[in-house]
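The values are calculated or read from the model by the stated rules, or taken from the named source; none is laboratory data. Predicted model, so just to flag it, every value in this text is computed and none were measured. Glycine gets a Cβ as well: all are built from the backbone with ideal geometry, and neighbour counts include every protein chain shown. Each accessible area value is taken on the protein alone, full model and side chains, heavy atoms only, with ligands, DNA and RNA left out. Shrake-Rupley method; radii C 1.70, N 1.55, O 1.52, S 1.80 Å.
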Amino acid sequence: MPLNIDLHTHSFFSGDGVSSPEQLIAAARRKGLHGFAITDHNTCEAVDYMLEKGFMREDGGAVDDFLIIPGVEVTTAEGHLLCIGATLPYLKGRPAREVCEIIHDRGGIAIPPHPYDLFRAGIRFQTLETLAIDALEVFNAATTLRRYNRYAFKYAQVRGLPMTAASDAHHEAAVGTAYTIVNTDDFSVKGVLAQILRGNELNQRYLTPKDSMRKTWSNWMRLKRRKRLPEATAKFEE
């Protein structure tokens, strides 16, 4: 069964995300996704929140025919690294090689996002060569320059790595812009992770200019202030 899964999304638990988990889920369902990985920057707060609200299950099963995969985007010493399928402690600034080991110890898979992107902390070729990564994000809908996606695709081909595509959404409107089509009958976190490692089809579409500007604005605001998340969550629930 083909499952449309966006493997790189951010909620307002990221410093630069603007949408609540509820908003991300609603948008993803409207766009025909079967699930997404929540990969906020250096925090797994959204995972805890969604487990508490019943949007995720501890055993990794789907909820109401929709699957949310735990994850996090770690800012390693050498650049950003996605952990898909597991939660991690705070690891910002740690060496990428060490973070890879911790990801594997916790049962997750390690996927460098937007590699080569000079403006977005993509991990460079010299470091990629030293990492025991499981797959490579070869299409990022929000990449600064499209040639960075081409470089990533060529590297994955040469190294024989499974490939993924994702929106890197920081706003609900961008969720599902790009996604990975995972072919598996095991509709669970475990089943999706296993299939990612085998290779999959990719849905590749870039953010609209409007969504790109929104993401740039969010990145700028992240440098100015940190959201007061408990207050934002409380307002949404009222």
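Note on residue 65 and residue 181: the extension gain reaches 40.2 nm, defined as 0.36 nm multiplied by sequence separation minus the Cα-Cα distance. The chymotrypsin sites (Phe, Trp or Tyr not before Pro) of the stretch 26-131 that meet both conditions, a loop assignment by DSSP and at most 15 other Cβ atoms within 10 Å of the site Cβ, are 90, 119.
Between residue 154 and residue 97, the C-beta separation translates, for a Förster distance of 25 Å, into a calculated FRET efficiency of about 0.65.
In whole percent, and with a 1.4 Å probe on the protein chains, what portion of the accessible area of the chain is carbon and sulfur? Provide the component values of the computation, followed by the final result.
On the way: 5500 of 10750 Å².
Carbon and sulfur atoms account for 51 percent of the accessible area of the chain.
Under the definition of Cα pairs under 8 Å and six or more residues apart, what whole-number percent is the relative contact order of the chain?
Details: 544 pairs, mean separation 51.1, N = 238.
It rounds to 21 percent for the chain.
Among the listed values (i) 127; (ii) 175; (iii) 113, the one matching volume of the Cα convex hull per residue in Å³ as calculated from this structure is (iii). Taking the charge dipole of the stretch 1-119 about its Cα centre, with +1 at Lys and Arg Cβ atoms and -1 at Asp and Glu Cβ atoms, the residue from 28, 38, 18 reaching farthest to the positive side is 28. Rolling a 1.4 Å probe across the protein heavy atoms gives the chain an accessible surface of 45 Å² per residue.
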